[in-house]
Each structure stands twice: as structure tokens, then as C-alpha cells.
1. Take the range 270-312 and flag every residue that is open to solvent by less than 30 Å² (accessible area, probe 1.4 Å), outside any helix (DSSP H, G or I) and more than 20 Å from D223 (Cα to Cα).
2. Spot the failing condition for L85; the list is (1) free of Cβ contacts under 8 Å to residues at least 40 places away in the same chain; (2) under 19 Å from K159 (Cβ atoms), and only one is missed.
3. Return the pairs, sorted by first residue and then second, in which the second residue is among the small types (G, A, S) and in a helix (DSSP H, G or I), the first residue lies in the range 51-69 and is modelled with pLDDT of 90 or more, the beta carbons are less than 8 Å apart, and the residues are 6+ apart or on different chains.
4. How many residues are outside any helix (DSSP H, G or I), over 20 Å from R299 (Cα atoms) and of a type outside the set (S, T, N, Q) if we restrict to the range 225-269?
5. Would you confirm whether any residue within the range 141-156 is more than 11 Å from A187 (Cα to Cα), more than 24 Å from the chain's Cα centre (by Cα), open to solvent by 50 Å² or more (accessible area, probe 1.4 Å) and among the acidic types (D, E)?
6. Would you please list the contacts, defined by Cβ atoms under 8 Å and residues six or more apart or on different chains, that run from a residue in the range 281-308 that is touching a residue at least 40 places away in the same chain (Cβ under 8 Å) to a residue that is acidic (D, E) and open to solvent by 40 Å² or more (accessible area, probe 1.4 Å)?
7. Under 6 Å between Cβ atoms, at least 6 apart or on separate chains: pull out the pairs that start in the range 231-249 with a residue that is more than 24 Å from T148 (Cβ to Cβ) and end on any residue that is part of a loop (DSSP other than H, G, I, E, B).
Amino acid sequence: MRTDDLPERDRFATWREVYGRVIHQVEIEPLGGSVFQADLTLRSMHGVAVASGVSSAARYQSTPPLIAQSTDSIGLPIVLSGSGLIDQFGKETQVGPGETVVSSTVDPGSWSLPQGGAFTVLRVARELLAPLVPNLGSALGRRLPADTAALRLLVDYVKMFRTSELIDDPVLRHIVTTHIVDLAALAIGAGQDASEIAEQRGARAARLLTVKADIVENTGRFDMSIAALAVRHKLSPRHLHRLFEHEAVSLSEFVTDQRLSLTHRMLSDPRLAHLRISDIAFDAGFEDLSAFNRLFRKRFDGTPSEVRNRRRAAATSSGTPPFEVNPERIAT
């Protein structure tokens, strides 16, 4: 949802009422005299709610009338860019990118973005966290720094969760919720037994998802060796391999599959018809052309040349006009 999608005349009043009071149970006050703008993605399921996006300078305040309408949840307003101020329990805390303060939705307080910025606000029902975090009440008001490992994993996991399509399968919804609750509990301070469970369940899933997303996004641009991935994700090579132990494919197989998929897309792209097949293979990370050809044929039931020729034949039969290649527009 975006403020730009609302009628300009009633834009802020509508946003304040619908998003602020009805959905999030907060009063919204623009800061700095600028026109208020926001672009948010909202997700909610099984006691977990996530609001992510960007906002111009504003203060979001929990007031007694709105608190009376709110569910009892633990809030983690995480600043992703810029800086924020979180004021609750008589204490004002300044937070920077990747930081948050453990908050309560049923106690008066506020959080502000004095210069605006990107953020994620996570709310988890207290009844879901209480069994995992001993003395949960004593954690309220605690600042969680950006280098908190579980918080970093939580931010990465929620980022992928919010950019994906809505999850309709109730089993998958339950799994995603469980992972988020586990990571939130670890970040706040889960008890020893709960930590072991959450580490094996939520933290493992989040690390695996983060590594896979890295491989998918950067297949053709970064070193995908085990050593490089391990350094990038602050894991040992052995730990990295173990993340894939219960997967259908190993880590090496997953990297290879992504490289093969990348070469197939490039060979099917008429804008890249001027590139040699060997150059495409090397750009995707293959160092041995004979091994590449063997793997490609097994994966796609055809040689790289056959795949490229089939694409050309399909374009010709459909009457697609020739594509004029402009090398300056081709991404490297």
C-alpha cells in the first residue's frame, strides 16, 4: 500500500485512519513539515505481523485508546536505513541501521524516523514468545545491536518473506511463522533448551534460505566457491555443507544447477546471440567446457547449440521480427 495511490486531498487523513489506527493501532505524526509519504508491504499470519517499507519523517505513537484495541504482542521496530528513536518505559533509545529495541504493543510508547528511511516492524504474539524466552517482560526496552547474529538472520528472512507471494498453503504458513518466532526468540534471548530447538529449526532455515538467495542472485557475478560463500556468510565450510544435508541436492549441486539455469536463459535470449557459447559458460562460472557441455545436455536434453537454435527457430515460426542487438545495452 502506498500513499501515492490515495486521493491527494484526503491522502494523509486516510493513511492515518486505515494504516495507523485500524491496522497498526498507532497515531501517526509527520515530522519536519514535509508532505507525508509511505510505501509499505503488510503481511500477517498466525500471530505474526510484518510491516516493511519506507516512510518520510514521522512519529508512530501508541496511545491508551488505541492500545485498548491492540493485541498483546512483542514489537521489534527495526531500522534499515537512516536512524530512529524508540521511546518506551521512560527510556528513549536511538537506533541505527539493523538495530531495534524490544517493545510492547500494550504499553504507551513511540518510535520515530526523524529523517525518514526504510524499516521493518515485526510483531509477534506474546503467547508465542513467552514459552521460549524466560522472563520475557525483563527484556522489554532492551536494545538489540546490529551485530546480533539472530537479528541479522531475522531481517534477512523477513525480507524474503515480504517480497514473496502470499503463502496460501496452511502448512507452509505455519512453518514460516515458526521460523520467524524462533529467530525473534533467539534475538531477544531464548532459554537454553528453547535456544537449541530454535537454532536447529528457525535459525538453520533462515541461514539456508539466505545462502540460497545469495547463490541465485549472484550466480553470474560473484565467486560461488564454498570458501567464498563461507566467508560471505560468516560460516565454516563444514557448517555450510551441513545446511544442505537434508536438502534434495548438495551445496555444490545447487550452485551447478543455478549456473546451468543462467546459461540456458542467456542462450535463449536473442539479445545475447552475438556471444559465443564458451563466453556464456565462463561468465556463468564454468571453468571446464567439456564438463559444462556434459552437464548442460543432461539437464536440458540438448546441447547448448541446439537450445540456442531451437529458440531462433521458435522466434522465426512465430513471426517475431529480428531483434537488433545494441551491445551498449547488454548488461555485463
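The values are calculated or read from the model by the stated rules, or taken from the named source; none is laboratory data. Note that this is a predicted model, so its numbers are computed, not measured. We place every Cβ from the backbone using ideal geometry, glycine too, and count neighbours over all the protein chains shown. Keep in mind that these areas ignore ligands, DNA and RNA; they rest on the heavy atoms of the full protein, side chains included. Shrake-Rupley method; radii C 1.70, N 1.55, O 1.52, S 1.80 Å.
1. G302 - this is the single residue of the range 270-312 that is open to solvent by less than 30 Å² (accessible area, probe 1.4 Å), outside any helix (DSSP H, G or I) and more than 20 Å from D223 (Cα to Cα).
2. Condition (2) is where L85 drops out.
3. Y60/G20
4. 6
5. The answer is no; no qualifying residue exists.
6. Sorted first by the residue in the range 281-308, then by its partner, the pairs are R299/D257.
7. Filtered contacts from the range 231-249: F244/S250.
The rows are residues; the columns are (1) under 21 Å from the mean Cα position of the chain (by Cα); (2) surrounded by fewer than 16 Cβ atoms within 10 Å (Cβ to Cβ); (3) part of a strand (DSSP E or B).
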| position | (1), (2), (3) |
| --- | --- |
| Q69 | no, yes, no |
| L76 | yes, no, yes |
| G82 | yes, no, no |
| L85 | no, no, yes |
| T93 | no, no, yes |
| S110 | no, no, yes |
| A118 | yes, no, yes |
| R123 | yes, no, yes |
| L132 | no, no, no |
